[in-house]
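Below is one structure, written out as structure tokens; comments come after it.
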């Protein structure tokens, strides 16, 4: 599974609080399944990723905007289909004090794996990219400002 590590790398690079304290981001894979394709060895990983961010002190937008930008590229069907949109990002929080929270964010992800047989009897597994979202004319690059202070950019 490639997406959990890729998501972690993206958030550590994009979220100011996690850039400073990457040890506060914990990533767990939960409720996973392997669904095989009839007539071959190709399959799909289906699982939930639980992101736990401890001692989070930034504005929630600094986390959610980079998260949405990652989902748009790596799991776009979660943003395209009305039946998935309402459950695409599930959040729980423990309020520690006036400035600090522990956040738990859960996402459902899938990864296709195409397995092909080689002439020598070995197999090759490839992980195809997700189909891209159509260009809806949205921002190509963005910067998040809170009270005029730049906090995140993509």
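None of the figures in this text is laboratory data; all of them are computed from the coordinates on show. As the structure is a computational prediction, the values presented were derived from the model and not from experiment. Counting neighbours? That spans all protein chains shown, and the Cβs are built from the backbone with ideal geometry, glycine included.
Would you mind ranking 15, 115 by Cβ crowding within 10 Å, fewest neighbours first? Intermediate results must be reported in sequence, preceding the final value.
Details: 15 25, 115 14.
The order, fewest Cβ neighbours first, is 115, 15.
Size descriptors for the range 1-71: radius of gyration and Dmax over Cα atoms are 14.9, 50 Å.
Any chance you could run the full-extension gain for residue 143 through residue 55? It's 0.36 nm times the residue separation minus the Cα-Cα distance, nm to one decimal.
That pair, residue 143 and residue 55, stretches by 29.3 nm at full extension.
One chain, two ends: residue 64 and residue 36. Fully extended at 0.36 nm per residue, the span grows by 6.8 nm beyond their Cα-Cα distance.
Here the Debye sum runs over all C-alpha atoms of the chain as equal scatterers in vacuum, and log10 of I(q)/I(0) at q = 0.11, 0.19, 0.21 Å⁻¹ comes out as -0.51, -1.26, -1.44.
Show me the ranking of peptides 32-40, 106-114 by mean Cβ neighbours inside 10 Å, starting with the highest. All intermediate terms of the calculation are to be shown ahead of the outcome.
Values: 32-40: 9.9, 106-114: 17.3.
Ranked from most to least packed, the peptides come out as 106-114, 32-40.
Counted by neighbouring Cβ atoms within 10 Å, the residues 26, 21 run from fewest to most as 26, 21.
A simple spin-label model places the labels of residue 93 and residue 117 5.4 nm from each other, with each point 7 Å out along Cα-to-Cβ. Listed peptides 42-49, 88-95 appear in the order 42-49, 88-95 once ranked by packing, highest mean of other Cβ atoms within 10 Å at the front. Structural descriptor for the chain: relative contact order 24 percent, calculated from alpha carbon pairs under 8 angstrom and at least 6 residues apart.
Counting only DSSP H runs of at least 4 residues, each contributing -39500 (n - 2.57), and dividing by the residue count of the chain, the helix-based mean residue ellipticity at 222 nm comes to -6500 deg cm²/dmol.
The slack in the chain from residue 129 to residue 2, taken as 0.36 nm per residue of separation less the alpha-carbon distance, amounts to 44.6 nm.
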